[in-house]
Amino acid sequence: MRHTITMLVENKFGVLSRISGLFSGRGYNIESLSVGETMDPAYSQMTVVTSGDDLIIEQITKQLNKLVDVIKVTDVTEFEHVEREMVLIKVKPKAERKAEVLSLAGIFRGRVVDSSEDTYTIEVTGDEKKIDAFVNLMTPIGIKELVRTGKVAILREGMKK
Amino acid sequence: MKLTGAEIFIECLKREGVKHIFGYPGGVVLNIFDMLYDNKDVKLILTRHEQGAVHAADGYARATGKPGVVLVTSGPGATNTVTGIANAAMDSVPLVVFTGQVPTVLIGNDAFQEADIVGITRPCTKHNFLVKDVNDLAVTVKEAFHIASSGRPGPVLIDLPKDVTVGKTEFVWPEKIGLAGYKPKYEGNKWMIAQAAAEIQKSKKAVIVAGGGAIISGATKELKELAEMAQIPVTTTLMGIGAFPETHKLSLGMPGMHGTYYANKAIQEADLLIALGMRFDDRVTGKTDAFAPNATIVQVDIDPTSIRKNIRVDVPVVGDVKRVLTVLNKMLKSEAKGQWTAVRKAWLSQIDQWKAERPLSYNPDSEVIKPQFVVEKIYELTKGDAIICTEVGQNQMWAAQFYKYDKPRTFISSGGLGTMGFGFPAAIGAQLAHPDKLVIDVAGDGSIQMNIQELATAVINKLPVKVAILNNGFLGMVRQWQELFYGERYSHVGLDVVPDFVKVAEAYNAVGLRAKKPSEVEPVLKEGLFKIKKPVFMDFVVDWREKVFPMVPAGAPIDHMLFDEKKQEKKHKLRAVK
Ligand SMILES: Cc1cc2nc3c(=O)[nH]c(=O)nc-3n(C[C@H](O)[C@H](O)[C@H](O)COP(=O)(O)OP(=O)(O)OC[C@H]3O[C@@H](n4cnc5c(N)ncnc54)[C@H](O)[C@@H]3O)c2cc1C
Ligand SMILES: Cc1ncc(C[n+]2csc(CCOP(=O)(O)OP(=O)(O)O)c2C)c(N)n1
Ligand SMILES: [Mg+2]
């Protein structure tokens, strides 16, 4: 099963490598990983999406906790939480489908962040399903390039930490 | 007053109570070595290879429980430490390894003798540091010693760029350290311990498996108290040897691939298995789904990742063995009805029967020296009062099987990584820590050649380590597998009679002795161990055909053991016994 794990870590060089090395060295897979500074620049927040049976997920969280630079690990999958990711998608529609692209972007609350004569670059934010749906709609229209951020996640207020 | 980084380094070692370090010099650590030239507090033992330095520090640490310290140069000096560091990590040995590094401005430039040692050792250290500013040096050293020696111990590496050790700052020894993400848990959960107590009271056929963690924790007394009170037999893993006296009636010796028949039988038949500081290594469990099939499993371990890693656990207790046992023993004492002896009677007599059925044994010979005989003689002559280090292979297993260890930290062996070449430098470290003890390396003719250069270190530092080479002319353990599982195709395992170990010893100004017949074993040992006060190589020319038994083939359940049936069946034949 897929799990989303968030971590509060020391904002030091080498931390990312410790975490990615732990995953590769022990044969765990990473579906996505994102890192950013927290309000306190001494710490970063990481979100990893991984998969495995219960025993593997238990090992992963324990192994992450064991790293000296990792302060706190939460498997948010177990709790009510909000997940978001963002996609930047550059489409190259035929002239007659340009309007369709803009209206779909509107439905998905996307924003056009760049445009040229024959392309639009659209930003869409949401949970994974929403992003997938938007990507699926754009595919037949003609995707030139696509980047996804990977997930970030936060617990809903009142959820045990 | 401002101190240089090199001076701060020495100050920190003094504060940590370090008297000896092992090392090897080079370009970027010249200034640190200059500080060590006439330092009275910290003495550096120059080894002949950086790998030897790390293993020696490791032996020092295993013999004392205190962290071993290493100082080497950048590049090749640093990369030469990697095997030693990985070895210490696998066996949870506290080390602090300092490596020189090129100046910070040159890092990443492929500078002369630059190696990304922090990157290289990230997966095989407990933690590592690159110090970028001399102002961070003291706190980093303090953190490193704390991390190395607390919780589940392990090696920590500190990379020291040249400009950091040359740079100056005010020396401040920090009172406290931060480490928000590092908080080992020593006290076990009371409720879980109560569960364990309840399981013990319920059980009829309980067995304790004590491991390296029982020794690290210093839980010998508490373990003995538990075993004797609740009448539970104890088997000790290779790393746990000495945690429970092997001469004790309740001792089952070692479990696993080359463990005793009765230890493996007891585990397989048990209704309760209590794991104390052991991590269910595959050499111990054999086929995991067939391991201890009838047992409720209680596991006490300070490292949560050791729990439920490869074996299901019914009662997990995260904590220090000694502290958990202290609480557990108290619970059992207050609740027990004093009927343990009656409850365990049938179980213990079953175990006695297994012990009688298949004790550890070999076929003595009057013509050729049996390697097991050499180990037995060592035990007899030392009366068990020695520190035994081992190399890796058959020699290691025989040293584990045929000598009886009654005290912790008297058996020093590379368990997890199985590093040939570990035993001899480790013995040098152990001898430095215990100058008055008899320290013996039980060696193979292959392994000893992996760090044989350290004989110079032993001779020059007057560390009278005794090496008993079980010379079978082969990489014996590999040959054994080829004989049993590869149709006797002895591919690249022959070592011949080169070198002449007696002459090698003499070339290093040590003493070399040789025994070729069983009758020569005792005189050689008596002279080598007790009369000569120098390092000695004792070359025992042993029967190359000997194999280590019992043996559980890789991946089989641990009660599927092979024995040498030569005696019973005349023909040289092996039989699997369930
Ligand atoms: C050729 C060869 C053959 C071998 N054959 C065998 C064999 O037949 N049988 C055998 O047993 N081994 C054998 N070994 C050794 C084996 O590979 C493992 O090294 C060994 O079994 C591990 O023992 P362990 O789990 O007790 O100790 P370790 O690997 O040292 O693990 C110690 C455990 O204790 C925990 N711990 C540490 N400190 C504490 C504390 N204070 N409180 C609580 N827990 C703590 C740690 O977290 C860890 O989980 C062999 C090795 C070689 C090289
Ligand atoms: C550094 C290293 N290389 C290879 C091995 C694989 N190996 C395990 S035992 C062994 C043979 C050891 O030979 P020897 O030291 O003569 O011991 P014996 O088994 O003959 O007693 C080998 C090659 C190892 N454990 N360590
Ligand atoms: Mg050999």
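For the range A:83-91, putting each phi into the Karplus relation 6.51 cos²θ - 1.76 cosθ + 1.60 with θ = phi - 60° gives couplings of 10, 9, 9, 10, 10, 10, 10, 9, 10 Hz, in residue order, rounded to whole numbers and with x for Gly and Pro. Across the range A:82-153, the mean sequence separation of Cα contacts (distance under 8 Å, 6 or more residues apart), normalised by length, yields a relative contact order of 52 percent.
Estimated from the Cβ-Cβ distance and a Förster radius of 35 angstrom, the FRET efficiency linking B:Leu179 and B:Thr104 is about 0.90.
What is the distance, in nm, between label points placed 7 Å from the Cα along the Cα-to-Cβ direction at A:Leu55 and at B:Glu565? Result: 3.4 nm between the two label points.
For chain A, the alpha carbon positions stretch 56, 34, 31 Å along the principal axes, listed from largest to smallest. Taking every alpha-carbon pair under 8 Å whose residues sit at least 6 apart, chain A reaches a relative contact order of 28 percent.
Other residues with beta-carbon under 14 Å from the beta-carbon of B:Leu463 carry, at +1 per Lys or Arg and -1 per Asp or Glu, a net charge of +4.
Using alpha carbons only, the radius of gyration of chain B set against its Kirkwood radius gives Rg/Rh = 0.99. Here the convex hull built on the C-alpha positions of the range A:82-153 has a volume of 71 cubic angstrom per residue. If r is the Cβ-Cβ distance from A:Asp40 to B:Val502 and R0 is 60 Å, what FRET efficiency results, to the nearest 0.05? So, using R0 = 60 Å, E works out to roughly 0.35.
Ignoring the sites themselves, chain B has its longest run without chymotrypsin sites (Phe, Trp or Tyr not before Pro) in a DSSP loop having at most 12 other Cβ atoms within 10 Å at B:113-485. Remark: the range B:307-312, residue by residue, has Karplus-estimated 3J(HN,Hα) of 8, 6, 7, 9, 9, 5 Hz, where x stands for each Gly or Pro and the curve is 6.51 cos²θ - 1.76 cosθ + 1.60 at θ = phi - 60°.
Remark: relative contact order (chain B) = 14 percent; criterion is Cα-Cα distance under 8 angstrom and separation of 6 or more residues.
Note on B:299-311: average number of Cβ atoms from other chains within 10 Å of each residue's Cβ is 3. The residues of the protein assembly as shown expose, per residue, 43 Å² of accessible area to a 1.4 Å probe. Across the cross-link table entries B:Lys249/B:Lys330; B:Lys503/B:Lys534; B:Lys466/B:Lys503; B:Lys437/B:Lys547, which are compared at the Cα atoms, the separations over 20 Å belong to B:Lys249/B:Lys330; B:Lys437/B:Lys547. Could you check how many percent of all C-alpha pairs in the range B:138-220 are farther apart than 22 Å? Roughly 52 percent, once rounded to a whole number. In order along the range A:69-81, the Karplus-derived 3J(HN,Hα) couplings, from 6.51 cos²θ - 1.76 cosθ + 1.60 at θ = phi - 60°, round to 7, 9, 8, 8, 10, 10, 8, 5, 3, 6, 10, 4, 8 Hz, and Gly and Pro are given as x. For A:Ser115, the residues whose modelled amide H falls within less than 5 Å of its own, excluding neighbours fewer than 5 places apart on the same chain, are A:Thr121.
Debye-formula intensities of the protein assembly as shown, expressed as log10 I(q)/I(0) at q = 0.07, 0.10 Å⁻¹, are -0.58, -1.06 (one equal scatterer per alpha-carbon, no solvent). Projecting label points 7 angstrom from Cα along Cα→Cβ for A:Lys12 and A:Ser116 puts them 4.4 nm apart. For the range A:2-79, the equivalent ellipsoid derived from the Cα gyration tensor has semi-axes of 20, 13, 11 Å, listed largest first.
The values are calculated or read from the model by the stated rules, or taken from the named source; none is laboratory data. Remember, it's a predicted structure, so these values are computed and weren't measured experimentally. Note that we place each Cβ from the backbone using ideal geometry, even for glycine, and neighbour counts take in every protein chain shown. Side chains included, ligands, DNA and RNA excluded: accessible areas come from the protein's heavy atoms. Shrake-Rupley method; radii C 1.70, N 1.55, O 1.52, S 1.80 Å.
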